[in-house]
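Asks: The structure under discussion is supplied below as structure tokens; questions concerning it will follow.
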Amino acid sequence: MSIILSSNMAYNTVRQRAAKCISLLEELYGIPQAEERDPVDLLVMTILSQNTSDTNSLRAFARLKSTFSDYEQVLAATDEAVAESIRAGGLAEIKARRTKEALFRIKQDAETISLSFLADMKKEQAMAYLLSLPGVGPKTASVVLLFAFFMPFLPVDTHVYRICRRLGLVGESVALEKAQSILERVVPVDKYLSFHLNLITHGRRICRARNPRHEVCPLQDCCDYYLHGQKP
Ligand code: SF4
């Protein structure tokens, strides 16, 4: 197997550690429930979330939805008008352009601004389609496919990446782009959503980038960073 595992732990050992972490996180934060989400909404929300806080990106998304009655109107509006509506999320001009380009491509391909056709595709095809949209990378595509279609992808954002390296579920030298394929082999498929959402919550509340709150963290016993002082 070519995957790089931290601390030369055997593959099954890493899977056991992941299972323990998932269980402890679910004890702490509960088991997140999947809600039905519109895939285009998810796509746009994720584009707006790039390089900003959740608070700001959610504010930008809410403003976009209240300014325009639907995505057809967003597409018909000027870049400036769209940028103005999402100003709260930062990088407004770039995100407005990316959003409109993605909506344009979807309309061109599906003849309507809907991604429901992805449900009929194999997961690899659906991923390839989303990655072909301007401004859409693996994290955004995985979020859409996991949360809107329950396809087995495990999105890796900065929180998930940081904590998984600290826990030793991926090696310290593994790049963010490689971490997803490793984690998808280590985490049980039916726990992708729980693992992703609970790690984001954990990253915000306890395992912060700076000054992680080890003293209140239930994952201490399965954390390389805590036990051995490895670098984040
Ligand atoms: S023990 Fe510390 S570094 Fe490890 S997961 Fe918890 S807060 Fe993060």
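Values in this text are rule-based calculations from the coordinates and carry no lab data. None of the values given here were measured: they were computed from a predicted structure. For neighbour counting, all protein chains shown are included, and Cβ atoms are generated from backbone atoms with ideal geometry for every residue, glycine included.
Asks: Compare the Cα positions of S132, A77, S57 along the charge dipole of segment 39-149 (+1 at Cβ of Lys, Arg; -1 at Cβ of Asp, Glu; about the Cα centre) and return the one farthest towards the positive end.
Replies: Positive-most Cα among the choices belongs to S57.
Asks: Loop only by DSSP, 12 or fewer other Cβ within 10 Å of the Cβ. Give me the GluC sites (Glu not before Pro) in segment 1-108 that pass, ordered by residue number.
Replies: On the way: sites: E26, E27, E35, E36, E72, E80, E84, E93, E101; in loops: E35, E36.
Counting only loop positions with at most 12 other Cβ atoms within 10 Å, the GluC sites (Glu not before Pro) in segment 1-108 are E35, E36.
Asks: Separate question: Return the whole-Å distance between the Cα centroid of segment 114-179 and the Cα centroid of segment 9-88.
Replies: 12 Å
Asks: Would you mind computing, in nm to one decimal, how far apart the modelled labels at R210 and K20 are, each placed 7 Å from Cα along Cα→Cβ?
Replies: Using points 7 Å along Cα→Cβ, the separation is 3.1 nm.
Asks: With 20 Å as the cut-off, how large is the P(r) tail for segment 39-149, expressed as percent of Cα-Cα pairs? If you can, show how the numbers build up before the last one.
Replies: Numbers: 2077 of 6105 pairs.
The share of Cα pairs beyond 20 Å in segment 39-149 comes to 34 percent.
Asks: While we're looking at this one, here's another question. When a footprinting reagent is the concern and you count Cβ atoms within 10 Å, what order do K139, K95 take, fewest first?
Replies: Details: K139 21, K95 26.
Ascending number of Cβ neighbours within 10 Å: K139, K95.
Asks: Against the empirical 2.2 N^0.38 Å scaling, what ratio does the C-alpha Rg of the chain come to? Intermediate results must be reported in sequence, preceding the final value.
Replies: Working: Rg = 18.8 Å, N = 232, 2.2 N^0.38 = 17.4 Å.
It is 1.08.
Asks: Explain nothing, just the number: relative contact order of segment 39-149, from Cα pairs under 8 Å at least 6 residues apart, as a whole percent. Please list the in-between numbers first.
Replies: Values: 116 pairs, mean separation 35.7, N = 111.
32 percent.
Asks: Also: What is the helix-to-structure angle for 54-67, meaning the angle in degrees between its Cα long axis and the longest Cα principal axis of the chain, kept from 0 to 90 and rounded to the nearest 10?
Replies: 20 degrees
Asks: Residues with beta-carbon under 14 Å from that of E26, excluding E26: net charge, scoring Lys, Arg +1 and Asp, Glu -1?
Replies: 0
Asks: Which distance in nm do the two modelled labels at A128 and E84 give, with both placed 7 Å along the Cα-to-Cβ direction?
Replies: Placing both labels 7 Å beyond Cα along the Cβ direction yields 4.2 nm.
Asks: Can I ask one more? What chymotrypsin sites (Phe, Trp or Tyr not before Pro) in segment 87-192 are in a loop by DSSP, with at most 16 other Cβ atoms within 10 Å of the Cβ? Don't skip to the answer; put the middle values down first.
Replies: Details: sites: F104, F117, Y129, F147, F149, F150, F153, Y161, Y192; in loops: F150, F153.
Filter output for segment 87-192: F150.
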